[in-house]
1. Quick one: dipole size for the stretch 400-444, taken about the Cα centre, charges +1 on Lys/Arg Cβ and -1 on Asp/Glu Cβ, in debye to the nearest 20.
2. In the structure shown, do any of 334/376; 45/81; 39/414; 217/477; 66/298 have a Cα-Cα gap over 24 Å, and if so which?
3. Just order 511-519, 350-358 by mean Cβ neighbour count inside 10 Å, highest at the front, would you?
4. Can you work out D for the stretch 386-500 in µm² s⁻¹ from Stokes-Einstein, where Rh is the Kirkwood radius over C-alpha pairs, the temperature is 37 °C and the viscosity is 0.692 mPa s?
5. First check a/c for the chain, with a ≥ b ≥ c the square roots of the eigenvalues of its C-alpha gyration tensor; if it is under 1.5, answer rounded, and if not, answer prolate when a/b is larger than b/c or oblate otherwise.
6. Which of the trypsin sites (Lys or Arg not before Pro) across the stretch 539-590 are loop residues per DSSP, with 11 or fewer other Cβ within 10 Å?
7. Tell me, rounded to the nearest percent, the portion of alpha carbon pairs in the stretch 1-139 spaced more than 24 Å apart.
8. I'd like to know which of 379, 435, 676 lies farthest towards the positive end of the charge dipole of the chain, counting +1 on Cβ of Lys and Arg and -1 on Cβ of Asp and Glu.
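Read the figures in this text as sums done on the coordinates, not as results from a lab. Quick caveat: nothing in here was measured; it's all calculated off a predicted structure. Ideal geometry is used to build each Cβ from the backbone, glycine not excepted, and the neighbour counts take in all protein chains shown.
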Amino acid sequence: MTQIYFHCSFAIADNAYRSLVYEHREQCILISGESGSGKTEASKKVLEYIAARTNHLHNVETVKDKLLQTNPLLEAFGNAKTHRNDNSSRFGKYMDIQFNYEGAPEGGHILNYLLEKSRVVSQMAGERNFHIFYQLLAGGDQELLKHLKLQGRPETYKYTPDSASNQSQRNTDVEQFRIVQEAMKVIEIGASEQREIFEIIASVLHLGNVKFVQNDKGYAEILSHDANSGNTAELLKVNANKLREALTHRTIDARGDVVQTPLDIEQAQYARDALAKAIYDKHFSWLVSRLNASLTPKEKDLRSSVIGILDIYGFEIFPKNSFEQFCINFCNEKLQQLFIELTLKQEQEEYLREGIEWEPVEYFNNIVICDLIEAKHKGIISILDDECLRPGDATDASFLEKLTQHLDGHQHYKSHRKADIKTQKIMGRDEFCLVHYAGEVTYNVNTFLEKNNDLLYRDVQSLMASSHNTIVESCFKDINLRSKKRPETAITQFKNSLNDLIKILSSKEPSYIRCIKPNDFKAPMQFDEKLISHQVKYLGLMENLRVRRAGFAYRRTYEAFLERYKCLSAETWPNFRGPAREGVQKLVEALKFEKEEYRMGNTKIFIRFPKTLFETEDAYQLKKNDIATIIQSRWRGYWQRKQYLKMRNAAIVIQKWVRRFLAQKLRERRKKAAEVIRAFIKGNKNM
Ligand SMILES: Nc1ncnc2c1ncn2[C@@H]1O[C@H](COP(=O)(O)OP(=O)(O)OP(=O)(O)O)[C@@H](O)[C@H]1O
């Protein structure tokens, strides 16, 4: 059954590939679903399919290997064990695969989104830090570990608690570390770069163990013999005294007067954790750019085109939701809006434009929620940024107060104050609730300001820019330390990168892989109907199906359709002398399409699910049932048979069949022509 599920990914990849190569339309495949529903697995299947599909083409092995090997690398550094998924991607990924004019992959480019860097310094009980920490500790050889001054057990380090892990997990970590090293070789990350990467990972572990003591003036101090700070400095290749100084002091430049103020213990701990997060986050982005350098085609090809694959975090509702969930759910609102624009709205507008009779389908347009979050001056992001940037004592509480002042009364915003008694009972005073298109989520405002400000003290930054570890140096050297201008807040950076992503996706023809998790991760054999219905709702499946079922899966302009299929009718072959529309009319008559199976629009022909594709009624019914089988996803998801028989008319499969049917007709035609030619040659020979 798993195979059946993967057929869906293969079919979509195949469809996208054909449209790209034969119709020269750039493609994107959007994979969505909640954590643990199978997005990453599906994206790997798409890549594998493309690799297999292009097997016959020459000189593409290295590129394909590189594309495939980006996965284990990114997973090691960007994935972690969570309560929902043992291998959860903690970042968003958009990958372009570039193809040359022959349809051979020639390179790629990856964009990464919002790594959950808070995980570097703390995780929920039972969860783990990013895999690479454990993999290095378990799989690094003696010589490497000695060089990195590591002691082989995650529990030794504050940032890598490992209570839930067992021997089999350790064995997996060892094996994965080997895979990571292999992948690095394929990507052409040499021995010295590898060493620098592992020095960074080890330095973060040592940094987490740096302890502060209170000196007699009440300020934080690191004892000079503290091995952890010494190890960190040695691995990061910075001066140890300067590192201790930077973690316990802050230099303030007040109108030209440079003053150094000592930090208390809490501030010093904040500075330490902020440095650990910054090093890891920046080094992760460096890794992505390093992958991109390796994936960039050697020669610039102006005729190349791309298929993009988006594997991004799904909607998240946890018992406690914080800044990260707010960002992730905002991202999902934007993608839902794009889906509405690209699929639902455009589909209906196209029928209108083409003058096709059409009963409009109702759907909820979430633009109102996107505006609530991102509208200039009055949206939640603006209010949060204002609080972060204003002088004075801004706190999480004052941010919540402002939110309530400005947004109470909005139909998608609920404050504790204005909530009904039932909601008040489950909502804290430090929380606000958003009615997302996928459901209500209550956010706790604690740490919103800190995470959005994302402050790294200047002293620490300039020290890192002076590092002799070339990766660390390149990660920090571009930060303009002299600039008085505040860097953009975390949410604004995220909003801007999302808007860029939306622009990229809008310029391509989209396909969707919707992943549905049929059960709870901890109870794999129990089918959770409530969980499923929720996903069906938030993935927008019903709206999409309603529009698609009522509509026409296949459409082409008259000119393109006639050019491609003119050989199927004696009246249109070799050339049709009248208007293209009339030629197409002749063609559909020759193909014996029934009246309700197609419509002639102003500029295009629209085809539904023609029975004529099948020789008998039985074959037609059989194929219809086939769709239902294909749509069933995972073996543990037999529930879908019940829920999704409605999906029989899934447009993608129908579209494929229409194409296949027409291609079959073309083949028959060519066969006949070949026979005639052969007979002609034979006849001539005999003469
Ligand atoms: N088709 C499938 N059949 C059976 N199991 C599957 C299938 N797809 C995924 N899984 C299992 O579910 C786990 C989670 O899948 P995956 O990591 O792809 O989820 P995800 O949606 O990317 O999650 P996240 O958003 O947390 O990264 C996999 O490790 C695998 O064990």
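1. About 120 debye.
2. Correct reply: 39/414; 217/477.
3. On the way: 511-519: 21.6, 350-358: 14.7.
Peptide ranking by packing, descending: 511-519, 350-358.
4. Working: Rh = 17.0 Å.
Taking Rh from Cα pairs, D becomes 194 µm²/s.
5. It comes out prolate by the Cα gyration axes.
6. Those satisfying the criteria are 577.
7. Here the tail beyond 24 Å accounts for 38 percent of pairs.
8. 676
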